[in-house]
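Below is one structure, written out as structure tokens; the observations come after it.
The values are calculated or read from the model by the stated rules, or taken from the named source; none is laboratory data. Being a predicted model, the structure only gives us computed values, none of them experimental. Neighbour counts run over all protein chains shown; Cβ positions are idealised from the backbone, glycine included. Surface areas here come from the heavy atoms of the whole protein model, side chains and all, with no ligands, DNA or RNA. Shrake-Rupley method; radii C 1.70, N 1.55, O 1.52, S 1.80 Å.
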Amino acid sequence: MAQENSSRVTEFILLGLSDTQELTILFFTLFLLAYAMVLLGNLLIIVTVRTDPKLSSPMYFLLCNLSFIDICYTSVTTPRVLVTLLSGHKAIAFEGCMAQLFFLHFVGSSEMFLLTVMAFDRYTAICRPLHYTAIMARGACWALVAACWVGGFIHSTVQTVLMLQLPFCGPNTIHSYFCDVLPIIRLACADTALTEWLMASNSGLISLGCFLVLVASYALILAKVRARVSQGNWKALSTCASHVMAVTLLFMPCIFTYLRPAGTLPTNKYVCVIYTIFSPMMNPLIYTLRSSEMK
């Protein structure tokens, strides 16, 4: 037992995006600028929605929650990446790595559920306008947001528990800039075939399921708008188009990354940049450019 405990991995080494000094400086600058834009853009949305009585509709309530989630989501990985790029210290404790994995999937899946709720909000506003106030009452909005967080917590707990059941006694080098399921599971000293399929079913199917629901809701909105062409409906369609851009930036890389076992294809860490950095940075722009009230 003592020998087994002594051979257990106590820390992981995050290789990051590049070992080249010039690229390290470039990545540090880009990550710092992106993180600053995420913080400033989303904080501006939160402050604006919270202080302007005109922005009290369910859409802006959900948008405010999305901005809060984006700040939390990016803060799980980006500060650690910036410290690593600046100091060159790439080691992360086993417990810290598992904590990062848990919060990444907790906040990330909560955002997916929230985007699905936002699509439902737009569908209700456009396709059932007479019932919109009753369906999307403030109490219902709070319940939907709470359900998003609970769903994210359950998903992340399952992922983390599955990961903690695996033994890690050999290699400890993670070919990425943050702790995630696929690069870590390859380091386990056991047969992980069943665990890989369970994790792919968990993360991958959640991503795919939410994306299909989003596509279906926007397809129904498009059909409704085409049937009743008016200035108000075209404005709603324009809003939905910007939402489609946002969900595509988030969901397509996640589906590509998680909807497969770990050994089928190598994990592309540059694809991960899209949904961990680029998508949260673009959300404030995408969700506000078409809104005259936010402008």
Legend entry - Hey, residue 76 in contact with a Gly (Cβ under 9 Å, 6 or more places away or on another chain), open to solvent by 20 Å² or more (accessible area, probe 1.4 Å), assigned to a helix (DSSP H, G or I) and among the β-branched types (Val, Ile, Thr) or not: yes
Inset, instruction - Determine if the stretch 54-63 includes at least one residue that is open to solvent by 10 Å² or more (accessible area, probe 1.4 Å), closer than 22 Å to residue 175 by Cα and not in a helix (DSSP H, G or I). - result: no
Legend entry - Unmet requirement for residue 123, which otherwise passes all of (1) among the aromatic types (Phe, Trp, Tyr); (2) free of Cβ contacts under 8 Å to residues at least 12 places away in the same chain; (3) surrounded by 13 or more Cβ atoms within 10 Å (Cβ to Cβ): (2)
Legend entry - Residue in the stretch 79-100 that is most open to solvent (accessible area, probe 1.4 Å), counting only those that are aliphatic (A, V, I, L, M) and out of contact with any Ser or Thr (no Cβ under 8 Å at 6 or more places or on another chain): 86
Legend entry - Criterion violated by residue 69 - all others in (1) among the β-branched types (Val, Ile, Thr); (2) under 17 Å from the mean Cα position of the chain (by Cα); (3) open to solvent by 40 Å² or more (accessible area, probe 1.4 Å) satisfied: (3)
Legend entry - Check on residue 247, crowded, with 18+ Cβ neighbours inside 10 Å, in a helix (DSSP H, G or I) and either of a type in the set (Phe, Trp, Tyr) or at pLDDT 80 or above (or both): yes
Inset, instruction - With the checklist (1) touching a residue at least 40 places away in the same chain (Cβ under 8 Å); (2) within 22 Å of the chain's Cα centre (by Cα) in hand, flag the one item residue 36 doesn't pass. - result: (1)
Legend entry - Residue satisfying all of: in the stretch 193-229; modelled with pLDDT of 80 or more and of a type in the set (Val, Ile, Thr); least open to solvent (accessible area, probe 1.4 Å) among these: 221
Inset, instruction - Please go through the stretch 79-112 and pick out each residue that is in a helix (DSSP H, G or I), farther than 30 Å from residue 286 by Cα and at pLDDT 90 or above. - result: 94, 95, 96, 97, 98, 99
Inset, instruction - For residue 295, work out the one condition from (1) within 25 Å of residue 65 (Cα to Cα); (2) under 16 Å from the mean Cα position of the chain (by Cα); (3) modelled with pLDDT under 80 it doesn't fulfil. - result: (2)
